Amino acid sequence: PGRCLSDGKDPTVAVVGDSHSTNTFFALAHHYRDQAEGVIRLGKGGCPPLYNVSTRDGGSADKCLDVTRGNLAWVAQNKAITTVYLSSMGPLYLNPRQSRYQMASADHPDLAGNRAVFATGLQASIDYLQAAGKEVVLVIDWPTLTVNPKSCIDLRPLRLKPFEAVDCSVPIKRHRRRSAAYHETISQVLSANPGIKYWDTQAQFCRGGQCLGMLQGQPLYRDKSHLSQFGSRYLGDGHRLGSARADTRIR
């Protein structure tokens, strides 16, 4: 179930998640382009990789619980797959100011609030995959822009008026403030799972007090939250994993 992407090689690495997992897939496919590892992506937009969790978008009916459970089951049962990346647009689900997404746990219906449900569902996914002998990697999501990247670069060959580019970068303090609940939740999950691997993608985009939206004159994003192909390749070039400790904190 869900949408599948493949780099054409026999998969040993799987990416499971929502629409952001497509960018993670393209980054890993680029990273492993000259190696034997094959990469596959299973997921659906608006469906984070949370086991037995329903996600409703704007009050609509849930379309995620069965799809995500099926994807995780397929990956768990595939003996050739050794590593699973769990990727989502986490801050958009957990920002206290957002009301678009509503989550509920099928295993723990008493849980209230997206943050508690997200943490419980993510832990359930980790437990489920590790029980199947998979190495799990948590993908720490990249920053979200505050402007449309189309306003940051002149795409038209001819104009009647001069083009005034907008700065696509985001102050790192603003990024941290908007994603605080997400990073606190991820840190708690990492602390509860010493030794688990994580990929802190934000570290590649944020430097000198700013989180980049452009690099070398090219946009890293195709909209406010999804990476461009250039951005995905840039992310893949910097692929680097960390290992969680009992005191792991993501900032």
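Any read-out appearing in this document is the output of simple, stated calculations on the displayed coordinates, not a laboratory observation. Quantities reported herein were computed from a predicted structural model and do not represent experimental measurements. Every residue, glycine among them, receives a Cβ derived from its backbone with ideal geometry; neighbour counts consider all protein chains shown.
In the calculated pair distance distribution of segment 1-134, what percentage of Cα-Cα distances lie above 20 Å? Working shown, then result.
Details: 3729 of 8911 pairs.
The share of Cα pairs beyond 20 Å in segment 1-134 comes to 42 percent.
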Report task. Just order 70-80, 121-131 by mean Cβ neighbour count inside 10 Å, highest at the front, would you? Result -> 121-131, 70-80
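Can you tell me the dipole magnitude for the chain around its Cα centre, using point charges on the Cβ only (Lys, Arg +1; Asp, Glu -1), in Debye to the nearest 20? Walk me through the numbers on the way to the answer.
Working: 31 positive and 21 negative charges, 157 e Å.
So the magnitude is around 760 debye.
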Requested in this report: List the relative contact order of the chain as a percent without decimals, with contacts defined as Cα pairs under 8 Å and 6+ residues apart.
Outcome: 21
**Report entry** Gap separating the Cα centres of segment 175-249 and segment 1-62, nearest whole Å
**Finding:** 17
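All other residues with a Cβ under 15 Å from the Cβ of P194 taken together, and with Lys, Arg as +1 and Asp, Glu as -1, what is their net charge?
Working: positive: K197, R245, R249; negative: D127, E135, D247.
So the environment of P194 carries a net charge of 0.
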**Report entry** Rh by Kirkwood over Cα pairs, then Stokes-Einstein D for the chain at 0.890 mPa s and 25 °C, µm²/s
**Finding:** 132
Report task. For the chain, please report how many Lys pairs fall under 30 Å Cα to Cα, leaving out neighbours fewer than 8 apart on the same chain. Result -> 25
Requested in this report: Order the peptides 50-58, 207-215 from the highest to the lowest mean number of other Cβ atoms within 10 Å of their residues.
Outcome: 50-58, 207-215
